[in-house]
Structure formats: structure tokens, C-alpha cells
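The structure under discussion appears below in the form of C-alpha cells.
The values are calculated or read from the model by the stated rules, or taken from the named source; none is laboratory data. This is a predicted model, so every value here is computed, not measured. For neighbour counting, all protein chains shown are included, and Cβ atoms are generated from backbone atoms with ideal geometry for every residue, glycine included. Note: areas computed on protein heavy atoms with side chains; ligands, DNA, RNA excluded. Shrake-Rupley method; radii C 1.70, N 1.55, O 1.52, S 1.80 Å.
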Amino acid sequence: MSTPSTAAPPTTLPPRAALWMLLALIGAFNMSQAFRTVGAIMAPPLARDFHLAPDELGVFSGAFHFAFGAMQLFMGIGIDLYGVRRTILAAFPLAIAGAVVSALAPGYLPLTLAQVLIGLGCAPAFLVCTVFIARHFPAQRFAAISGMALAVGTLGMLFTGTPLAWVVQQWSWRAGFWVLAVLAVLAWLWIWRAVFEPAQYTAARGAQRESLPEALRRFGALFLLPHTWGIVALGSTTYAALITLRGLWLGPMLIERHGYTLVQSGNAAVLLSLVALVGPVLFGRLDPGPATRRRWLTGWTLATAALFVLLALHWAAWVDVALMLAIGLISGFIVLQYADVRAAYPAAITGRAMAAFTMAMFMGVALMQWATGIIATLAKAAGGDPYVAVMGGIAAWLALSAIGFALLPQPPRQ
């Protein structure tokens, strides 16, 4: 892949200006996080208005992630060729258009196609942040500033909890998409007004650019390495389990199983989002290092699967919420997967490996949301509890990925 390179002349941006520009870029990332988790609040009213089955809700929610994941390679190439500013300004209007189409959608098909537009528009949202940090901040602060960007950007999920639930309950789900569209326009205008890169980057990187066929060929070579498949197997499941719960099934489950209102389920979504912010910081500090990190990844994946098994059973409402919060907290171990990817490949191809991992994550979200929708529909048709089937299916998926990660070829010692 033509992964955006960090090799460039020293930045000419003053530190305060660089930080302000980074915050503008994080604004788009916030919107990406909000768009990817609207399903938890939007699903019940959409199902009611358009008479949607659970499998159709799964396709609706997964469409964003499929488009987002599929475009990671091309957004990386775009940043290489045209820079951070032009790539995000060119792509993000698709997200705005998708939100408008969603608000006006007369039926299920245009609504789902709008999610594809939103996913395409949001595809570079976090990638531009990491590239900007690598180019314009000291190398020794990369991890700390990237972690800050990830935490601040994840605050976008808070809007798709109680605030979005209140908007939908007071007006309609269409009003919710109109609000998201307005916020996305403001984020784009902030980037347009605030972000620029020194001209030296265009000149310095011109000779380093790969052609599209070269980039695709080098990216594909990564999958000829045997240990890539274990990384992809786990990477496509762990984040997918968290987002499938938070972004699709949390609201419907609490509403249908426990009689929660939309705002009450929004409150639970906010709590889960807040807890999910703590997990990566905690596990980042607890990282055991390369000697035992892979055993940790296997163990914590199996622990998450066990929590989903418990969530499949019928408990009091507060127990189900507590289990969801526990899943949000321990899902922070996903941050160790980034460290594992970095350690699994030579430095020359680490960027491409990270891109493959990112693609696996978001394609996994799309696949899991689509598949759990089918599982729920089949369970309902058989007269069973769809949430028992969905949570049990996610648990089995996690367990199988952990076993595959442990048994598939391991990376060579670097």
C-alpha cells in the first residue's frame, strides 16, 4: 500500500498552530465516530417506520463500515499524492451528502446507500490525524498525541447516546440525521479554514510517489506472509464485537428485553462510550511486552467471549448494562493489537501492515453486523429470543478467532 510516509523535511508549523490544525482534523474524526454508532439509537424508529427485519438493520449499520474499510488503501494513496488537507476536504462532503440523503430517504434502499456515502466520506478521518501527527509533532510524542487524538475523537460517540436519543424522541430520526449533517458541515468548514501543510511536503514527496498498480501489488504481497492471517482473523473480530454491540444491538436489546425508553437506552450508550475511553489507556499501561503479549490477546478475547455468553442469558436490566460496561472496559485490550502488528513486521512494511489491520477491523464490523442481523431474523422466525442468538453468535465468533490467532503461524522473531 502507498501508506502515507512520515519521512519529510522538518515541519515549519509552530507547535500551537499544529495543535489547532490537529483539533480541526479531530473534528471530522468525531463525526466519523458519531456516524458509525447511530444504529444503536436509530434502529428502533427505523424498524418501525420502514418495517425492517433485524437482518435489514444489520445491513444498514454495516454498510458504513464496509465502505469505510474498503477505502483505507485508496485514502492512504490519496494522502500520499495530494496531502492531508486536500484528501479530507475532497472526501468528507460525501459524508455530509450521505447524512442529507438519510434525512430525506423515502425507504430502506436509499437509506442504506446513504450509509455507504457516509462511510466513503469518513474513510480518511482518523488516517489524516495520524499522518498529520507523524509529520508535524516530535517522534517521541507520537504515541501520546495519537492516544489523545483517539480519546478526543471517540467523544463523538457520546452524541449518539443521550443527545441523539433526545432529538429522535422529541422530533424524529430524520431530525437526528439533519443535526448530524449540520455538525458535519461545521467540521468541514473548520478544516477548510484552519488546516494547511507547508508546500515543502508536496515538493519533497513528489519523487517518492508510487503508482496505483505498484501500491496495490506491494499491499497484496503482505498477505503472502503466513502470520498475516492470524492477525487479520483476530483484528476482524475484536473491534467488530464492541461496535456491533454499541452501534447496533444495545438500543434494541434494552428497549425490547427490558422496556427501556429511547433516552434511557441512550444513557446506557453514553456510559458504555465513556468506559470504552478508559480501556485503551489502562491496557496501554499494562502492556506486558512482546514476550507474552500474544497470550494476553488470546486470553482477553476469550474473556470477552465469556461476557457475551453471559449477556445472551436473561438477567435483570442492571446486570445486562453492567455486562455491557464490562465488555466496553476490557475491549481496551484492542490497543495491544496495534503493538502486536508493529512487532510482527519489519519497519519497512509496518505502515502497510497497519493499513491491512485497519481494513480487517472495519470489514469485520460490516460482516458481523450483517451476519448478526441474519441470526436475529432466523431466531425470530423460529420463535426464539433474537438477542440470545446474537450475543451467543458474537461469543462463538470471538472464541473461534482467538483459537485461530493462537494456532495460525506466528510472526518470526524480529
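Considering only segment 88-103, state which residues are under 8 Å from CYS122 (Cα atoms) and buried (at least 24 other Cβ atoms within 10 Å of the Cβ).
PHE92, ALA95
Only one of (1) charged (D, E, K, R); (2) more than 23 Å from LEU150 (Cα to Cα); (3) buried (at least 16 other Cβ atoms within 10 Å of the Cβ) is not met by ARG217, so which one is it?
Of the numbered conditions (1) charged (D, E, K, R); (2) more than 23 Å from LEU150 (Cα to Cα); (3) buried (at least 16 other Cβ atoms within 10 Å of the Cβ), the odd one out for ARG217 is (3).
Could you grab me the full set of residues in segment 214-244 that are in contact with a Ser or Thr (Cβ under 9 Å, 6 or more places away or on another chain) and under 25 Å from MET157 (Cβ atoms)?
Result: LEU234, GLY235, SER236, THR237, THR238, TYR239, ALA241, LEU242, ILE243, THR244.
Right, LEU23: within 16 Å of ALA187 (Cβ to Cβ), at pLDDT 85 or above, out of contact with any helix residue (DSSP H, G or I) (no Cβ under 7 Å at 6 or more places or on another chain) and assigned to a helix (DSSP H, G or I) or not? Please lay out each step first, then the result.
On the way: within 16 Å of ALA187 (Cβ to Cβ): yes; at pLDDT 85 or above: yes; out of contact with any helix residue (DSSP H, G or I) (no Cβ under 7 Å at 6 or more places or on another chain): yes; assigned to a helix (DSSP H, G or I): yes.
Considered against the rule, which asks whether it is within 16 Å of ALA187 (Cβ to Cβ), at pLDDT 85 or above, out of contact with any helix residue (DSSP H, G or I) (no Cβ under 7 Å at 6 or more places or on another chain) and assigned to a helix (DSSP H, G or I), LEU23 comes out as yes.
If you check VAL59, VAL152, which single one turns out to be within 20 Å of the chain's Cα centre (by Cα), closer than 22 Å to GLY251 by Cβ and open to solvent by 40 Å² or more (accessible area, probe 1.4 Å)?
Details: VAL152 fails: closer than 22 Å to GLY251 by Cβ.
Step by step, each of VAL59, VAL152 is checked, and only VAL59 is within 20 Å of the chain's Cα centre (by Cα), closer than 22 Å to GLY251 by Cβ and open to solvent by 40 Å² or more (accessible area, probe 1.4 Å).
With the condition kept exactly as written, say whether any residue in segment 284-292 is surrounded by 18 or more Cβ atoms within 10 Å (Cβ to Cβ), touching a residue at least 24 places away in the same chain (Cβ under 8 Å) and in a helix (DSSP H, G or I). Show your work before the answer.
Here is the first cut: in segment 284-292, the ones surrounded by 18 or more Cβ atoms within 10 Å (Cβ to Cβ) are none.
No, there is no match, as no residue in segment 284-292 is surrounded by 18 or more Cβ atoms within 10 Å (Cβ to Cβ), touching a residue at least 24 places away in the same chain (Cβ under 8 Å) and in a helix (DSSP H, G or I).
In segment 242-263, what residues are buried (at least 16 other Cβ atoms within 10 Å of the Cβ) and without any contact (Cβ under 8 Å) to a residue 60 or more places away in the chain?
Matches in segment 242-263: TYR260 only.
Residues checked against (1) farther than 13 Å from GLY235 by Cα; (2) under 17 Å from the mean Cα position of the chain (by Cα); (3) open to solvent by 60 Å² or more (accessible area, probe 1.4 Å):
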residue: MET354; (1), (2), (3): no, yes, no
residue: VAL365; (1), (2), (3): no, yes, no
residue: THR372; (1), (2), (3): yes, no, no
residue: LYS380; (1), (2), (3): yes, no, yes
residue: PRO409; (1), (2), (3): yes, no, yes
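Could you grab me the full set of residues in segment 382-407 that are open to solvent by 60 Å² or more (accessible area, probe 1.4 Å) and either in contact with a Cys (Cβ under 6 Å, 6 or more places away or on another chain) or part of a helix (DSSP H, G or I) (or both)? Before the answer, list the steps.
At the first step, the residues of segment 382-407 found to be open to solvent by 60 Å² or more (accessible area, probe 1.4 Å) are 382-383, 397, 400, 403, 407.
Across segment 382-407, the qualifying residues are TRP397, LEU400, ILE403, LEU407.
Of the numbered conditions (1) open to solvent by less than 10 Å² (accessible area, probe 1.4 Å); (2) in contact (Cβ under 8 Å) with a residue 60 or more places away in the chain; (3) within 18 Å of ALA43 (Cβ to Cβ), ALA114 satisfies every one except a single condition; which is it?
Unmet condition: (2).
Give me the residue from segment 317-328 that is among the small types (Gly, Ala, Ser) and touching a residue at least 12 places away in the same chain (Cβ under 8 Å) and, out of that set, farthest from GLY247 (Cα to Cα). Walk me through it before giving the result.
Looking only at segment 317-328, we keep the residues that are among the small types (Gly, Ala, Ser), and these are 317, 322, 326, 328.
Okay, now just the ones that are also touching a residue at least 12 places away in the same chain (Cβ under 8 Å), so 317, 326, 328.
Values: ALA317: 19, ALA326: 16, GLY328: 12 Å.
Step by step, filter segment 317-328, then rank; the result is ALA317.
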